[in-house]
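Report on the following structure.
The values are calculated or read from the model by the stated rules, or taken from the named source; none is laboratory data. Since the structure is predicted, the reported quantities are computational estimates derived from the model, not experimental observations. Virtual Cβ from ideal backbone geometry, glycine too; neighbours counted across all protein chains shown. Side chains are part of the model used for accessible areas, which takes the heavy atoms of the whole protein and leaves out ligands, DNA and RNA. Shrake-Rupley method; radii C 1.70, N 1.55, O 1.52, S 1.80 Å.
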Amino acid sequence: MNINDINQMTDDIFIECFKNIFEKTPLIAKLALAKKPFKSKKFLINIFINEFENLDHISKKKIIKNHPDLGNKIKVMDNLTNLSKNEQKNAGLNMCTEEEYSLFSKMNNEFKLKFDIPFIFAVKGSNKEIIIEEFKKKLINDDINKEINESIKQVKKIAYFRLEEIVDEK
């Protein structure tokens, strides 16, 4: 869809269309809606990212916690938003072996116990081997603030990729 299509959307359709740019967070879409009309794709993307950046730390952490576990066999098949499902599928996470699913489950649990947030990684352009290596690196870290800040960066990157994919240039 292009900017003209987006600018002509009703409020309800806009929110429905963009509510998962930041995983299961229609609030960001509602805040961005107030900035219509959008001048360009770049302008729209900047608005979404800025609205997220303007949130307090607690709200950002809640959005981080809305993200699914990567490589969770059951969730890859069922409970994900369509955006997350496609992202994980494109990274090959729906084709893991039982051993890989078990490893992802173990690492997800360790990460959440250690940092009280899920491991967030913008998987676009990656594959399961890259994701597993990144996961292992993160588990070595002991700095919770560093991981939360990195998760915030990854959430913004995911949102950027999603908007890039959904919105046409013209």
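Where residues in the stretch 144-169 are open to solvent by less than 80 Å² (accessible area, probe 1.4 Å) and not in a helix (DSSP H, G or I), which of them is nearest to residue 51 (Cα to Cα)?
For the stretch 144-169, the residue satisfying everything is 167.
When the stretch 105-126 is examined, which residues are found to be within 15 Å of residue 72 (Cα to Cα) and either open to solvent by 30 Å² or more (accessible area, probe 1.4 Å) or in a helix (DSSP H, G or I) (or both)?
Passing the criteria: 105, 106, 107, 108, 109, 110, 111, 112, 121.
For residue 83, only one of the following conditions fails: (1) farther than 17 Å from residue 20 by Cβ; (2) touching a residue at least 40 places away in the same chain (Cβ under 8 Å); (3) part of a helix (DSSP H, G or I); (4) aliphatic (A, V, I, L, M). What is its number?
Status for residue 83: all satisfied but (1).
Search the stretch 51-67 for residues that are within 19 Å of residue 144 (Cβ to Cβ) and pair each with any residue that is basic (Lys, Arg) and open to solvent by 50 Å² or more (accessible area, probe 1.4 Å) when their beta-carbon atoms are under 8 Å apart and the residues are at least 6 apart or on different chains.
66/24
Starting from the stretch 150-162, keep only residues that are under 14 Å from residue 119 (Cβ atoms) and at pLDDT 95 or above, then list their pairs with residues that are among the hydroxyl-bearing types (Ser, Thr, Tyr) and crowded, with 17+ Cβ neighbours inside 10 Å whose Cβ atoms are within a distance under 6 Å, requiring at least 6 positions of separation or different chains.
Short answer, once both residue conditions are applied: none.
Looking at (1) modelled with pLDDT of 95 or more; (2) under 25 Å from residue 53 (Cα atoms), which is the one condition that is false for residue 139?
It is condition (2) that residue 139 fails.
Just for helices (runs of 4 or more DSSP H) wholly inside the stretch 1-41: which have at least 1 residues that are over 22 Å from residue 58 (Cβ atoms) and either basic (Lys, Arg) or within 20 Å of the chain's Cα centre (by Cα) (or both)?
Filter on the stretch 1-41 gives 11-18, 26-33.
Need pairs with beta-carbon distance below 9 Å; first residue surrounded by 15 or more Cβ atoms within 10 Å (Cβ to Cβ) and within the stretch 18-44, second at pLDDT below 95 and basic (Lys, Arg); sequence gap 6+ or separate chains.
Listed pairs, sorted by first residue: 41/170.
Counting only residues that are part of a helix (DSSP H, G or I) and either in contact with a Pro (Cβ under 7 Å, 6 or more places away or on another chain) or of a type in the set (Asp, Glu) (or both), which one in the stretch 127-143 is nearest to residue 93 (Cα to Cα)? Break it down stepwise before answering.
In the first step, residues of the stretch 127-143 are kept if they are part of a helix (DSSP H, G or I); the result is 128-140.
Now restrict to residues that are either in contact with a Pro (Cβ under 7 Å, 6 or more places away or on another chain) or of a type in the set (Asp, Glu) (or both): 129, 133-134.
Working: 129: 10, 133: 14, 134: 14 Å.
Among residues in the stretch 127-143 that are part of a helix (DSSP H, G or I) and either in contact with a Pro (Cβ under 7 Å, 6 or more places away or on another chain) or of a type in the set (Asp, Glu) (or both), the one nearest to residue 93 (Cα to Cα) is 129.
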